[in-house]
Amino acid sequence: MAVIQQINETSYALDARGSRMVLEQIHSGWRMKTRNAATRVWGLGGESWKEFRSLAEVEAKYKSWKGIAALIGTTVGKPA
């Protein structure tokens with residue numbers, strides 16, 4: 001089972017199914033950066049990213065991130 005790791009006060013990382021995902025708190029919510037086989041091939045080694053207004057949106061989009069709101073200890077829907 002993949003384990004969410006805290007990088008610093010506002011960043012968390014997870015390695016799952018060949019992807020490296022980093023969740024960062026930003027001014028408007030949260031940003032998920034992803035590196036996987038597709039981004040390495042099509043992005044010339046780069047990463048893709050998506051922004052979310054809430055941790056509930058992150059949990060709905062990424063099953064492996066279920067429970068991140070409880071781990072962070074915030075009200076789901078609001079950045080810390």
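Within segment 1-55, being touching a Lys or Arg at 6+ places or on another chain (Cβ under 9 Å), farther than 12 Å from residue 65 by Cβ and at pLDDT below 85 holds for 35, 36, 43, 45, 46, 47, 48, 49. Got at least one residue in segment 57-71 being outside any loop (DSSP other than H, G, I, E, B), of a type in the set (D, E, K, R), at pLDDT 90 or above and surrounded by 12 or more Cβ atoms within 10 Å (Cβ to Cβ)? Yes.
The values are calculated or read from the model by the stated rules, or taken from the named source; none is laboratory data. Just so you know, these numbers come straight off a predicted model, no measurement behind them. For neighbour counting, all protein chains shown are included, and Cβ atoms are generated from backbone atoms with ideal geometry for every residue, glycine included.
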